[in-house]
Amino acid sequence: MRTEMMVRRRWFAAVTGTCLLVAGCAVVPETTLERALPAGAEVSVEREITTFTASPKAAQEREREFEGFTDNTIRTRMRVSSGGSAVRVRLDNTFSHEELHVGRVTIALATDREGGINPASLTELRVERETSFTLAPGESVYTDLARMDIPDGADVAVSFYLPGPTGRVTTHSFAGEHSRIATGDHTENVNGRPFQVEEKTMSTRPLVGAITVVPETAAGTLVTIGGSMTDGVGVDFSKGSDRWSDVLSRRIVDEYGPRRLSVANAGMSGNRMLTSSGYGGQRVLERYDRDVLDLPGADAVLFAAGINDMQHPPQTTDLDLLMATFEEFADRTHERGMLFYMATITPFEGWFSWEPHLEENRQEINRRIRASDKFDGVVDFDAAIRDPDHQSRILPEWDVHDGIHPNSAGAVQLANAVDLDMILGDLNLLD
């Protein structure tokens, strides 16, 4: 299967690369290279890859985005995986019924966690060469490609000014790295003081759905998708961005030298494969194309969803349905010429919904996952963090103490469970 998949993957990569040179391609907008501070010359590029993603959802009443913004600048910080020589940002108005006017957008390298940025890196982002633009209800747009040098694993800050009133704004509910708000247009501010004085922070990430780069060394993107464990719940963000996908991204450089593969995280807390909800967002069956398959440069998927379907009321106890759903995602991924790796379901004894019969279901579904020939490989997250003496629970030293979420040390165990030789080898990225 892997030989056949690599032929299809190379064909899809060639088609995607061609799209980047053609106006009106459905994957990303027409590619021009423009550094707005100062403006640069137009050039064509062979390929862009996704270096960061935050899957969009509708804001909930408890979230600041629900009431909207008026005369506000939001500065949101995130850690990219692969660096590059040019960048663009996807802005999502996906779950709004109103137009969203954006007054200005900038991106820069972040210098601290309080809103400071490197002035030499400050870059203005435009849409169809306009600094101010409007997103229609339900629309997502990529900014024009802008010249900017971004190192691998850098912290970047995207700042956008919303004149408003905006109405409800699309968001990602768990950011890990907090966003900050200031009154007025402070998209060019470098010291971060307007964002500190007001002491307004959000644990969410509004509007920014993805970041792509023209890579220096990376050849493509591995997309991870799952629920809160993948989103980073349980990880201590006070010391940095250490989701298991972040740790995995660093492993690629630490163990293989110059970066070969980017990692983009499409996790969403509370998310389920089969059922949508307010908190958990749109179900994976509906969001999979937008949040995974359509990401520029995506070559492979590491699928870690399913635990919320099994444990969260109303629980999905039909194991045939669950397994058929996993295999459906594998088929959809293979149809795009991409590789699909399936993760086993991790223990959750100690979580509020745990019951002995759910543990029996988890053990059985993991047996089926390990035995399936539909996947290009299996990543055994269950074996990586379970207690060997009590296999229905996470080893206590790796548990954030709620029974279901690994802590930072547990995230390292998950990242280390990924066989990078397998994935990089399947993608022909090993020497």
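The values are calculated or read from the model by the stated rules, or taken from the named source; none is laboratory data. Keep in mind that what you see is a predicted model, and the values were worked out from it rather than measured. Don't worry about glycine lacking a Cβ; one is built from the backbone with ideal geometry, like all the others, and counts go over all protein chains shown. For the accessible areas, the whole protein counts, side chains as well, though only heavy atoms, and no ligand, DNA or RNA atoms are used. Shrake-Rupley method; radii C 1.70, N 1.55, O 1.52, S 1.80 Å.
Numbers below:
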| item | result |
| --- | --- |
| Long-range neighbours under 8 Å by Cβ, at least six apart or interchain, first residue closer than 17 Å to residue 112 by Cα within the range 195-218, second among the acidic types (Asp, Glu) | 195/114; 196/114; 202/63; 202/65 |
| Hits in the range 389-409 (condition: surrounded by fewer than 19 Cβ atoms within 10 Å (Cβ to Cβ), outside any strand (DSSP E or B) and among the small types (Gly, Ala, Ser)) | 403, 409 |
| Residue, most open to solvent (accessible area, probe 1.4 Å), within the range 364-388, restricted to residues that are in a strand (DSSP E or B) and β-branched (Val, Ile, Thr) | 378 |
| Residue among 66, 12 that alone is among the aromatic types (Phe, Trp, Tyr) and at pLDDT 50 or above | 66 |
| Condition broken by residue 345, with the remaining ones in (1) surrounded by fewer than 20 Cβ atoms within 10 Å (Cβ to Cβ); (2) free of Cβ contacts under 8 Å to residues at least 40 places away in the same chain; (3) assigned to a loop (DSSP other than H, G, I, E, B) satisfied | (1) |
| Cross-chain or 6+ apart pairs with Cβ under 7 Å, the range 395-421 first and over 20 Å from residue 359 (Cα atoms) and touching a residue at least 12 places away in the same chain (Cβ under 8 Å), then open to solvent by 30 Å² or more (accessible area, probe 1.4 Å) and not in a helix (DSSP H, G or I) | 407/400; 408/236; 408/242; 411/242; 417/380 |
| So residue 361, is it in a helix (DSSP H, G or I), at pLDDT 95 or above, buried (at least 19 other Cβ atoms within 10 Å of the Cβ) and over 27 Å from the mean Cα position of the chain (by Cα) | yes |
| Members of the range 159-185 that are buried (at least 22 other Cβ atoms within 10 Å of the Cβ), under 10 Å from residue 100 (Cα atoms) and either touching a helix residue (DSSP H, G or I) at 6+ places or on another chain (Cβ under 7 Å) or among the acidic types (Asp, Glu) (or both) | 169 |
| Odd one out for residue 238 among (1) touching a Gly at 6+ places or on another chain (Cβ under 7 Å); (2) small (Gly, Ala, Ser); (3) in a helix (DSSP H, G or I) | (1) |
| Filter result for the condition that a residue is within 22 Å of the chain's Cα centre (by Cα), under 28 Å from residue 260 (Cα atoms) and not in a helix (DSSP H, G or I), over 418, 412 | 418 |
| Residue ID - farthest from residue 287 (Cα to Cα), chosen from residues in the range 202-225 that are part of a strand (DSSP E or B) and in contact with a helix residue (DSSP H, G or I) (Cβ under 8 Å, 6 or more places away or on another chain) | 202 |
| Pick from the range 186-201, criterion open to solvent by 10 Å² or more (accessible area, probe 1.4 Å) and in a loop (DSSP other than H, G, I, E, B), ranking: farthest from residue 132 (Cα to Cα) | 199 |
| Pair list, Cβ under 7 Å, 6 or more apart: the range 162-178 residue modelled with pLDDT of 95 or more, other residue open to solvent by 40 Å² or more (accessible area, probe 1.4 Å) and hydrophobic (A, V, I, L, M, F, W, C) | 168/66; 170/95 |
